[in-house]
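The values are calculated or read from the model by the stated rules, or taken from the named source; none is laboratory data. Quick caveat: nothing in here was measured; it's all calculated off a predicted structure. Glycine gets a Cβ as well: all are built from the backbone with ideal geometry, and neighbour counts include every protein chain shown. Just so you know, the surface numbers come from the protein's heavy atoms only, side chains and all, with ligands and any DNA or RNA stripped out. Shrake-Rupley method; radii C 1.70, N 1.55, O 1.52, S 1.80 Å.
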Amino acid sequence: MFTNMNLQYRQKQSLQLSLKLWLPLLQAPLHDLEQIFKEHSYDNPFLDCKSSFESHKSSGSSYAKGTGDKQGFIENTNINQESLYDKVSNQLGAPLFPTPKSQNIADEILFYINNEGYFEGDIEKIAIKHKTTNEFVESIRKRFAHIEPCGIGAVDLQESFLFQLSNLEVDEDLCRFTKQLILNMKKIDKFHEHHLFERAKETIKKFNSPPAIEYMNGSEAIIPDFFVEIDDDIKIKINSNYYPDIVVTDPFKSKNIELKDKLKEARDLVNLLELRKSTLYKLILIIVEKQMSFFIGSELKPLTMAQVADELGFDESTISRAVSNKYIKCKRGVLSLKSLFTNAVSSGISSAEIKSYISNVIKNESNDKPLTDQDLVDMVMKRYNMKMVRRTITKYRKILDIPSSKERKKIYRVS
């Protein structure tokens, strides 16, 4: 009896361990896999993790150019560049900041400048810390108007533009009118008939927004998990360049129970990595089959995670984890798996199709009389022969980040 209970306990413990390892592996983005396995290898003497890039390099082979070029990706992200902090810090001296006190306060202000270049500190707290007045601290901050990159140290976009304008050599009338535009940006359409409007608009277009844009890190490169080609057949190819090579060894020929558990964990990790590949392959195959019309140029069809979960025999929550941070590359670009799911608005019509239609009609609308949300409702109902309320169209328009008809009319007048 005791042996049977012990066996059941160990089987349950093993299952819990596998699930604990499996779900994070399934959910992890492709570019995080190598780090996850390296961390496991630090605690597991039986697990050896080598990046796929290192393996190919040591064997003398090379990667093809393109999305899967890991070497190129590494080289591109390791370019040395002077940081924003270093750039500004080197300018915090005379003549702008001639005294030790002004330099110390300038250093404090720099500490509160965010990655975009805006000041987020508290003038009063800085004044108390340095035993001076708010006015003096504010005067130090405004001297940042003469520091590169121009616009740095401003509290908002408007002040940043004013800082940048003060460093331009433009005639007095243009400078005065441009300043007026900056101070009235929300009502800029009221100035569109002024004879200096176009020149002022072109001047503002040259400004950095945000001011530290040159020093901001670019968005992280999106690495597709699979490549999908649709010809006569569906071809799905795994992006193996980013999968680490895992080797399990047993140099101790261990008999110790604790070491045996570690050895089993190492073997489980290898099996779970393969399970991740096969699960994602099946998942992507089902999605592509269901959305075949989209991949050959049409709109997305209604498809939910619950439907895919039923076909694969998983919980919906597992599918949600599986599609998180996963991408495929196809003729239509690099797409997130999540974007291929869309709810049905009516029989056979997806919300994605309605959004696409709204986006297209607004692109071709009259600049003098932009379409209202009610106009869009009427057009959608007529085209798709379905009922729809205005608040749904308004929600879709906001999701698409399209301004209201009144706001678009102002934009058209200005541009």
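I need the shape label for region 91-239. Rule: rounded when a/c is under 1.5, else prolate if a/b > b/c, else oblate, with a, b, c from the alpha carbon gyration tensor. Display every interim value, and only then the final one.
On the way: a/c = 3.08, a/b = 1.45, b/c = 2.13.
Taking the square roots of the gyration eigenvalues as a ≥ b ≥ c, region 91-239 is oblate.
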Karplus ³J(HN,Hα) for region 167-183 (6.51 cos²θ - 1.76 cosθ + 1.60, θ = phi - 60°; Hz, whole; x = Gly/Pro) runs 9, 8, 9, 10, 5, 4, 5, 5, 4, 5, 5, 4, 4, 4, 4, 4, 6
With all protein chains in place and a 1.4 Å probe, Asp231 shows an accessible area in Å² (nearest 10) of 90 Å²
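If you wrap a convex hull around the Cα atoms of region 351-415, how much volume per residue is inside, in Å³? The partial results should precede the final answer.
Numbers: hull volume 5.0 nm³, N = 65.
Per residue, the Cα convex hull of region 351-415 comes to 77 Å³.
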Taking alpha-carbon centroids only, region 90-119 lies from region 341-392 a number of Å equal to 52 Å
Each label sits 7 Å from Cα toward the beta-carbon; between Lys398 and Asn184 the label points are separated, in nm, by 3.0 nm
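Among rounded, prolate and oblate, which fits region 231-331 when a ≥ b ≥ c are the square roots of the eigenvalues of its C-alpha gyration tensor, a/c under 1.5 means rounded, and a/b larger than b/c means prolate? If you can, show how the numbers build up before the last one.
On the way: a/c = 3.94, a/b = 2.22, b/c = 1.77.
Here region 231-331 falls in the prolate category.
Enter the mean projected area of the convex hull around the alpha-carbon atoms of region 271-323, in nm², rounded to one decimal.
Working: hull surface 15.1 nm².
Mean shadow area of the hull around the Cα atoms is 3.8 nm².
Under a 1.4 angstrom probe, counting protein chains only, how are Ser240, Ser405 ranked by accessible area, largest first? Could the numbers behind the result be given before it?
Values: Ser240 65, Ser405 25 Å².
These residues rank, largest area first, as Ser240, Ser405.
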Ranking His146, His31 from most to least accessible area with a 1.4 Å probe gives His146, His31
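Note down the relative contact order for region 304-389 as a percent, whole number, built from C-alpha pairs under 8 angstrom at least six residues apart.
Working: 54 pairs, mean separation 12.5, N = 86.
Reported as a whole number, the value is 15 percent.
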Measure of exposure for Val345: accessible area at 1.4 Å probe, Å² rounded to 10, is 50 Å²
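Please label the shape of region 160-226 as rounded, prolate or oblate, based on the square roots a ≥ b ≥ c of the eigenvalues of the alpha-carbon gyration tensor (a/c under 1.5 means rounded; beyond that, a/b larger than b/c means prolate, else oblate). If you can, show how the numbers build up before the last one.
Numbers: a/c = 3.40, a/b = 2.16, b/c = 1.57.
Prolate, because a/c is 1.5 or more and a/b exceeds b/c.
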Rounded to the nearest 10 Å², the accessible area of Arg383 using a 1.4 Å probe with every protein chain kept is 150 Å²
